[in-house]
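The values are calculated or read from the model by the stated rules, or taken from the named source; none is laboratory data. Just so it is clear, the model here is predicted, and its values are computed rather than measured. Counting neighbours? That spans all protein chains shown, and the Cβs are built from the backbone with ideal geometry, glycine included. Side chains are part of the model used for accessible areas, which takes the heavy atoms of the whole protein and leaves out ligands, DNA and RNA. Shrake-Rupley method; radii C 1.70, N 1.55, O 1.52, S 1.80 Å.
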Amino acid sequence: MANIITRNIPNSITCCNLISGCIATAYAFGADYRGALSFIILGAIFDFFDGMVARILHVQSPIGKELDSLADVVTFGVAPSTMVFILLHTVTYPSFLEPLRQVIPYFAFVMAAFSALRLAHFNIDERQHSSFIGLPTPANALFWGSLIVGAESFILNLPYALAIILLMVCLSCWLLVSGIPMFALKFKQWGWHTNQVKYIFVLTCIPMLAIFGVTGIAIIIAWYVILSAFTTSKTAAEE
């Protein structure tokens, strides 16, 4: 009995991630962006701990890996896409696109499809044990969730807000499946020389959160992408 319980602890945590994603999606459909973001963050916490617990208990399994990806598709793919879907219903449309107001918002769910594709690649890519190739889905979800919660009124008042949002969705989709290596916040040792990019990132995140609040999370994700791309280009140049 103890072995059965132990084996299912990580999967239970993963299911909590999935449930959090479902609740986040429900909040998003109700235009409660703050509630949606809260459950995306809660899902990210569960997502962080399920793998850790599986490794500690030595109960990693193929089904756990597949269940984790399914949960991530909902929490970090469908939920943020739904937030963008609702946002696209509220932005100002040019007169010639007004007849398409009920159609264009569905484009947001392309991001959910690319999130699923990114997770499928992650499952079969042996290079992504200590770093990532492409933007991780939790980072993408946190970017959109915090951006919409913290800067909704600013976004809605932007000239060409519709075009900007659609272009940003396209950029997110590309980053999710891009070949850009992105560092993971995993420390095998604590020395400055081998971890300077990670330390710089962590230290710069603190003032961003203090100054910009919730919107600071979106800025941090953007900074993470820029820093990863810069590190990659620098490494390529040195080689």
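Length gained on full extension, residue 110 to residue 63, computed as 0.36 nm times the residue gap minus the Cα-Cα distance: 14.3 nm.
Label point of residue 100 set 7 angstrom out along Cα-Cβ; within region 162-176, amide nitrogens under 20 Å from it belong to 162-174.
Enter the angle in degrees (range 0 to 90, nearest 10) between the Cα long axis of helix 215-238 and the first principal axis of the Cα atoms of the chain, meaning the one along which they spread out most. Here the helix axis deviates by roughly 60 degrees. Any chance you could look up the accessible area of residue 174 with a 1.4 Å probe, heavy atoms only, rounded to 10 Å²? Its heavy atoms expose roughly 140 Å² to the probe.
Calculate how large, on average over all directions, the projected area of the Cα convex hull of region 63-119 is; give the answer in nm² to one decimal.
4.0 nm²
Once the C-beta distance of residue 177 and residue 55 is scaled by a Förster radius of 25 Å, the resulting FRET efficiency is 0.40 to the nearest 0.05. Ranked by the mean number of other Cβ atoms within 10 Å per residue, highest first, peptides 76-82, 112-118 order as 76-82, 112-118. The mean sequence separation of alpha-carbon pairs under 8 Å and at least six residues apart, normalised by the residue count of the chain, gives a relative contact order of 20 percent. Taking Cα atoms only, the orientation of helix 79-90 departs from the longest principal axis of the chain by about 10 degrees.
Here are several values of mean projected area of the Cα convex hull in nm²: (i) 14.9; (ii) 13.2; (iii) 12.1. Which one was derived from the coordinates shown? Calculated mean projected area of the Cα convex hull in nm²: the matching label is (i). Relative to the longest principal axis of the Cα atoms of the chain, the long axis of helix 192-212 makes an angle of roughly 40 degrees. Using a probe of 1.4 angstrom and keeping all protein chains present, the accessible surface of region 1-127 works out to 53 square angstrom per residue. All C-alpha to C-alpha distances of region 42-83, sorted into 5 Å bins beginning at zero, yield P(r) values of 6, 22, 27, 23, 13, 6, 3, 1 percent in whole numbers.
Using the beta-carbon distance between residue 229 and residue 117 and R0 = 25 Å, what value does 1/(1 + (r/R0)^6) give for FRET efficiency, to the nearest 0.05? In this case the efficiency is close to 0.75. A simple spin-label model places the labels of residue 210 and residue 160 3.6 nm from each other, with each point 7 Å out along Cα-to-Cβ.
Taking the accessible area of region 1-91, probe 1.4 Å, and keeping the other protein chains in place, the carbon and sulfur fraction comes to 71%.
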